[in-house]
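Visitor: This is the structure I have questions about; it appears just below.
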Amino acid sequence: MKNNKLQWILGGIALLVLPLVLQYFGNAWVRIADLALLYVMLALGLNIVVGYAGLLDLGYVAFYAVGAYMFGLLASPHLTENFAWFAAHFPDGMHLSLWVVIPLALVLAACTGVLLGIPVLKLRGDYLAIVTLGFGEIIRIFLNNLDHPVNLTNGPKGLGQIDSVKIFGLDLAKRQELFGFDINSVTMYYYLFLALVLITIVICYRLQDSRIGRAWMAIREDEIAAKAMGINTRNMKLLAFGMGASFGGVSGAMFAAFQGFVSPESFSLMESVMIVAMVVLGGLGHIPGVILGAVLLSALPEVLRYVAGPLQAMTDGRLDASILRQLLIALAMIIIMLLRPRGLWPSPEHGKSLASKS
């Protein structure tokens with residue numbers, strides 16, 4: 001028990017010190033850590049849908065986009081510049097606080113998730129995957145084209161001048177000084193994202209061990225048997241879609257605040273595929289595995305930039321660095337899935353997990 005507590009304390013200290021160490025090597029490394037934390041939130045949200053309830057969702061990036069554009073519209077001058085009514089009532093724009101943004105993004109994304117879930121309740125497997133994939137693409141196309149006749153999303157040009165996050169008057173976009181240490185903006189965002197990730201992990205663990213989590217797992221294993229045992233599979237599926245989407249919405253809002261700019265290009269099909277790959281690569285339904293998969297797949301492309309560059313130079317520029325980077329990622333994933341088909345850190349087998357708990 002003492003060893004476990006010591007490990008938790010050392011791990012917590014390491015997470016707190018990590019950005020301070022990384023910023024000495026450049027803000028780019030802290031930025032990679034920030035984006036990795038956002039992907040951890042996304043992967044944990046998708047794990048509720050795919051890992052717990054067994055519903056293959058390939059359009060999860062749509063909820064990410066909903067949260068990002070919600071914050072982008074409410075925290076930028078776009079609505080004031082394009083709508084006279086809005087300019088009359090909010091001449092300086094709506095600069096919402098963090099305590100309003102997070103619940104609003106959570107509720108809006110959850111409602112969007114339920115709306116997606118209603119028409120696909122009776123679909124399973126590949127058919128469900130195709131429909132959710134189409135939903136994700138529909139949202140992206142809408143965002144890309146809703147700049148006329150009414151300019152709501154500014155189309156492919158995206159939304160800029162988005163407010164940064166302010167907590168108790170502390171602007172995270174500005175450099176701070178604490179005990180003689182310079183703390184950059186990306187480091188401030190790191191601590192905010194870390195707090196949100198920790199809250200997400202606690203919620204996921206509580207859901208996993210609750211009656212709702214057990215019902216989701218029963219539906220995943222055998223939906224007909226779950227229905228025969230009295231589980232309301234319709235409501236449970238809708239709850240899974242809503243709960244999973246809510247984390248995506250919060251992550252999207254934080255992404256918009258962190259970037260200061262959002263456009264439809266950030267929410268392509270490839271993003272959805274990468275988030276699903278994080279969950280599958282780490283280990284379906286296993287929270288530590290999902291976190292590991294998210295960190296690896298979000299940080300690996302950035303780290304491989306330093307590998308792809310020299311390889312491109314060796315071939316006299318014949319190979320494109322971005323394509324070479326994707327090739328290296330694909331090879332790494334194929335090797336891992338061949339050696340570890342259940343993921344890097346899979347959940348224990350049902351019998352063993354029950355025996356260990358008893």
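Visitor: Any chance the stretch 121-144 includes a residue that's under 19 Å from Ala75 (Cα atoms) and either surrounded by 15 or more Cβ atoms within 10 Å (Cβ to Cβ) or hydrophobic (A, V, I, L, M, F, W, C) (or both)? If you could, list the steps in order and put the result at the bottom.
Guide: First, pick out the residues of the stretch 121-144 that are under 19 Å from Ala75 (Cα atoms): 143.
Still in the running and either surrounded by 15 or more Cβ atoms within 10 Å (Cβ to Cβ) or hydrophobic (A, V, I, L, M, F, W, C) (or both): 143.
Scanning the stretch 121-144 turns up at least one residue that is under 19 Å from Ala75 (Cα atoms) and either surrounded by 15 or more Cβ atoms within 10 Å (Cβ to Cβ) or hydrophobic (A, V, I, L, M, F, W, C) (or both).
Visitor: Would you pick out the residues in the stretch 149-169 that are open to solvent by 40 Å² or more (accessible area, probe 1.4 Å) and assigned to a loop (DSSP other than H, G, I, E, B)? Working first, answer last.
Guide: Here is the first cut: in the stretch 149-169, the ones open to solvent by 40 Å² or more (accessible area, probe 1.4 Å) are 149-150, 152, 156-157, 161, 166, 168-169.
Of everything in the stretch 149-169, those that are open to solvent by 40 Å² or more (accessible area, probe 1.4 Å) and assigned to a loop (DSSP other than H, G, I, E, B) turn out to be Pro149, Val150, Leu152, Gln161, Phe168, Gly169.
Visitor: Of all residues in the stretch 67-79, how many are crowded, with 24+ Cβ neighbours inside 10 Å and within 16 Å of the chain's Cα centre (by Cα)?
Guide: 4
Visitor: Output the residues belonging to the stretch 1-55 that are closer than 20 Å to Glu271 by Cα, of a type in the set (D, E, K, R) and either open to solvent by 10 Å² or more (accessible area, probe 1.4 Å) or not in a helix (DSSP H, G or I) (or both).
Guide: Result: Arg31, single match.
Visitor: In the set Ala253, Ala308, which member is touching a helix residue (DSSP H, G or I) at 6+ places or on another chain (Cβ under 7 Å), modelled with pLDDT under 90, hydrophobic (A, V, I, L, M, F, W, C) and open to solvent by less than 30 Å² (accessible area, probe 1.4 Å)?
Guide: Numbers: Ala253 fails: modelled with pLDDT under 90.
Testing whether each residue is touching a helix residue (DSSP H, G or I) at 6+ places or on another chain (Cβ under 7 Å), modelled with pLDDT under 90, hydrophobic (A, V, I, L, M, F, W, C) and open to solvent by less than 30 Å² (accessible area, probe 1.4 Å) leaves just Ala308.
Visitor: Among Ser246, Ser263, Ser210, which is the only one that is out of contact with any strand residue (DSSP E or B) (no Cβ under 9 Å at 6 or more places or on another chain) and either modelled with pLDDT of 95 or more or buried (at least 18 other Cβ atoms within 10 Å of the Cβ) (or both)?
Guide: Ser246
Visitor: Examine the stretch 277-296 for a residue that is more than 18 Å from Ala36 (Cα to Cα) and open to solvent by 50 Å² or more (accessible area, probe 1.4 Å), and state whether such a residue exists.
Guide: Checked the stretch 277-296: at least one residue is more than 18 Å from Ala36 (Cα to Cα) and open to solvent by 50 Å² or more (accessible area, probe 1.4 Å).
Visitor: Now, a different point. Scan the stretch 333-347 and report the pairs whose first residue is of a type outside the set (Gly, Ala, Ser) and whose second residue is part of a helix (DSSP H, G or I) and open to solvent by 50 Å² or more (accessible area, probe 1.4 Å), with Cβ atoms within less than 6 Å and a gap of 6+ or a chain change.
Guide: Pairs found: Leu344/Leu292; Trp345/Leu292.
The values are calculated or read from the model by the stated rules, or taken from the named source; none is laboratory data. Note that this is a predicted model, so its numbers are computed, not measured. Neighbour counts are summed over all protein chains in view; Cβ atoms, including those assigned to glycine, are modelled from backbone coordinates with ideal geometry. Please note that ligands, DNA and RNA were not included when accessible areas were found on the heavy atoms of the full protein model with its side chains. Shrake-Rupley method; radii C 1.70, N 1.55, O 1.52, S 1.80 Å.
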